[in-house]
Amino acid sequence: MLWFVLALIGAISQAIYSLSVKVLLNKIPPFFLAGYSFLAANLIFMPLILFAGIPPLGPGLFPALAVTVIINTVATILFYRALSTTDLSLCVPILAFTPVFLILTSFVILGEIPSPAGATGIFLVAAGAFLLTYQSGIGQSASIRAPFHSFLYNPGVRSMLIVAFLYSVSVNYDKEVVMNSSPLFGSAITLFLLAIVFLLIARLTRTNNTIAAIDPPQHDAVRSDPQFTRSPFFTYGAVGMMLVVEGISINTAYTMAIVPYVITVKRLSLFFSVLFGGFVLHEQQIRGRMFGAVVMILGAVVIGLWG
């Protein structure tokens with residue numbers, strides 16, 4: 001059961017990472033935050049790789065790297081958009097849809113059909129999402145239409161739903177990267193390439209309003225200030241460390257168990273994110289969101305274990 005412990009560590013690390021990004025987006029432009037955080041994580045990985053040595057590289061490494069970097073670039077942009085516009089406790093639990101989409105992508109690619117248990121898990125995730133957003137109608141009292149209103153009109157919820165789908169595709173290539181290298185080397189090279197991509201985007205967009213496409217308008221003046229692009233090394237290092245812990249634990253778990261099992265346990269990060277949203281960020285409607293998040297996690301567990 002070592003893979004379970006590792007996946008749980010990854011879940012906690014991801015929740016702390018999401019909280020950190022949510023807070024830092026108020027002060028640091030998103031592309032710089034992503035780029036320097038990924039770069040900091042890569043620099044932390046380097047001594048570990050030098051100690052462990054470069055592993056034999058399989059033929060499938062570079063194709064898998066190309067696909068996962070492209071997908072995760074888009075997913076990160078949307079992930080940051082969701083965190084910058086929506087409560088942490090509302091948008092992050094939407095990632096519970098990833099196991100649902102894993103079943104969908106498996107059907108499209110492999111022709112697999114969900115088992116009765118898998119269908120039950122899908123229903124639980126959908127029900128949890130409904131409960132999660134039941135009191136989240138914009139300017140409305142709680143009603144049967146509020147959840148649908150949230151999915152249709154809340155940009156953060158919509159963005160995170162797309163992120164959940166993108167992750168359902170990329171995790172397969174993440175495992176391919178690890179199987180063609182090692183958990184350490186695979187994490188480091190992926191983060192390095194993502195750092196380059198985001199720092200290039202940051203440089204290309206810092207003189208115009210492109211950043212506004214993923215940020216709340218009220219922060220544009222702050223985000224365009226170049227002083228905010230030179231945050232202390234400690235800030236990026238702390239965020240990078242969470243990525244390192246998550247990357248090592250999850251990628252190592254991939255080598256011990258199948259992807260759906262690992263992702264299911266990793267989705268326990270949703271529970272911690274709702275807790276952080278309530279107790280750290282003082283977000284509202286936490287009790288209702290907690291119940292919805294628990295139901296979604298239960299659905300993800302059913303899919304992962306019996307789907």
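The values are calculated or read from the model by the stated rules, or taken from the named source; none is laboratory data. The model shown is predicted, which means the values in this text are computed figures rather than measured ones. Ideal geometry is used to build each Cβ from the backbone, glycine not excepted, and the neighbour counts take in all protein chains shown. Note: areas computed on protein heavy atoms with side chains; ligands, DNA, RNA excluded. Shrake-Rupley method; radii C 1.70, N 1.55, O 1.52, S 1.80 Å.
Going by what's in this entry, would LEU298 be described as of a type outside the set (Gly, Ala, Ser), out of contact with any Ser or Thr (no Cβ under 7 Å at 6 or more places or on another chain), part of a helix (DSSP H, G or I) and at pLDDT 75 or above?
yes
Does at least one position in the stretch 213-233 carry a residue that is more than 17 Å from the chain's Cα centre (by Cα), buried (at least 19 other Cβ atoms within 10 Å of the Cβ) and at pLDDT 80 or above?
No, the stretch 213-233 contains no residue that is more than 17 Å from the chain's Cα centre (by Cα), buried (at least 19 other Cβ atoms within 10 Å of the Cβ) and at pLDDT 80 or above.
Give ILE77, ILE71, ILE54 a once-over and let me know the one that is over 30 Å from LEU275 (Cβ atoms), in contact (Cβ under 8 Å) with a residue 40 or more places away in the chain and β-branched (Val, Ile, Thr).
Unique residue meeting the criteria: ILE54.
How many residues, within the stretch 96-105, are crowded, with 24+ Cβ neighbours inside 10 Å and either of a type in the set (Ser, Thr, Tyr) or under 22 Å from ASN26 (Cβ atoms) (or both)?
Summing the residues that are crowded, with 24+ Cβ neighbours inside 10 Å and either of a type in the set (Ser, Thr, Tyr) or under 22 Å from ASN26 (Cβ atoms) (or both) in the stretch 96-105 gives 1.
Could you please give the count of residues in the stretch 267-289 that are open to solvent by 10 Å² or more (accessible area, probe 1.4 Å), modelled with pLDDT of 75 or more and part of a helix (DSSP H, G or I)?
Final tally of qualifying residues: 6.
Residues of the stretch 168-183 being modelled with pLDDT of 85 or more and either closer than 30 Å to GLY53 by Cβ or charged (D, E, K, R) (or both), which ones?
SER170, TYR173, ASP174, GLU176, VAL177, VAL178, MET179, ASN180, SER181, SER182
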